[in-house]
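The values are calculated or read from the model by the stated rules, or taken from the named source; none is laboratory data. All values derive from a computational prediction rather than experimental measurement. So basically every Cβ, Gly included, is an ideal-geometry build from the backbone, and we count neighbours across all protein chains shown.
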Amino acid sequence: METSKKASSWAKTPPTQNKTSPSPLHVAPRNQWPSHPTATFFRPALYTYYTAMLTFSRRLLRIFALALDLPEDHFDSITKHPMTNVRAVHYPPQASDSDVGIGAHTDFCWFTLVTQSHTAYPALEVLNANGIWVPVHHQPHSFVVNIADFLKLVTGGAWMSTVHRVRNIGGEERYSMPFFFSPDEDARVSVLEGFRRRGV
């Protein structure tokens, strides 16, 4: 039985690029795509998904701003060219007594959107406020939204990072495509007014 997960990551680069081999030294890396003729669908399909997720993330960020009692467009100025990437991940089935597929962790971006395949036994688990691992069941036409470390910092800890892990012990293949979102690379951010604590 195959036990190790496989993942492929990509970020925003022009979809017209034809790079299929590693970049030489001192050249900005670009996404590398399969060059085999049978894989021609791969790049446009994933860019379509990426574009939709970026649009959705920007809308979600405006909802976050309102939830934080900020103007709806508060984060627009620092997300003109946000740092984003997607991972396509395959988790083979694990033995029921095996170790965790991905150990407990938080993400280090602002937030993560997760779409996952339907499995009878949910592999994704989140740690609730009582220290109990809760399985995240697949819901059709929905995403899991994980608050990540930088958004926790910006809110002064009012919004906590989602501690999560993966245990694919249900005997099925699992596929997931998390989308990671953060502000512009050169954005200057600090703890929001109203969320700052004295001495912090």
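I need the full set of residues from segment 51-109 which are in contact with a helix residue (DSSP H, G or I) (Cβ under 6 Å, 6 or more places away or on another chain) and either over 24 Å from E125 (Cα atoms) or of a type in the set (K, R) (or both), in order please.
Once the filter is applied, which keeps residues that are in contact with a helix residue (DSSP H, G or I) (Cβ under 6 Å, 6 or more places away or on another chain) and either over 24 Å from E125 (Cα atoms) or of a type in the set (K, R) (or both), segment 51-109 yields E72, H74, F75.
Would you check if there is a residue in segment 67-78 being assigned to a strand (DSSP E or B), surrounded by 18 or more Cβ atoms within 10 Å (Cβ to Cβ), aromatic (F, W, Y) and touching a residue at least 40 places away in the same chain (Cβ under 8 Å)?
No: segment 67-78 contains no residue that is assigned to a strand (DSSP E or B), surrounded by 18 or more Cβ atoms within 10 Å (Cβ to Cβ), aromatic (F, W, Y) and touching a residue at least 40 places away in the same chain (Cβ under 8 Å).
Among the listed residues F180, F195, which satisfies the condition of being under 16 Å from the mean Cα position of the chain (by Cα) and aromatic (F, W, Y)?
F180
From the list S57, S96, which residue is within 20 Å of S9 (Cα to Cα) and of a type in the set (S, T, Y)?
S57
Only one of T38, T48, T55 is more than 30 Å from V166 (Cα to Cα), in a helix (DSSP H, G or I) and not basic (K, R). Can you tell me which?
T38
If we keep just the residues of segment 107-130 that are over 17 Å from V86 (Cβ atoms) and modelled with pLDDT of 95 or more, which is surrounded by the fewest Cβ atoms within 10 Å (Cβ to Cβ)?
Among those that are over 17 Å from V86 (Cβ atoms) and modelled with pLDDT of 95 or more, it is N130.
Restricting to segment 7-51, and then to whatever is under 23 Å from F181 (Cβ atoms) and charged (D, E, K, R), can you tell me which residue is modelled with the lowest pLDDT?
Of everything passing the filter in segment 7-51, R30 is modelled with the lowest pLDDT.
Which of the residues that make up segment 144-200 are surrounded by fewer than 18 Cβ atoms within 10 Å (Cβ to Cβ) and assigned to a strand (DSSP E or B)?
V145, R165, Y175, D184
Those residues that are within 17 Å of L66 (Cα to Cα) and under 18 Å from the mean Cα position of the chain (by Cα), I need them from segment 155-168; list them, please.
The answer is W159, and nothing else.
I'd like to check something: does segment 165-176 contain any residue that is small (G, A, S), out of contact with any Ser or Thr (no Cβ under 8 Å at 6 or more places or on another chain) and free of Cβ contacts under 8 Å to residues at least 60 places away in the same chain?
no
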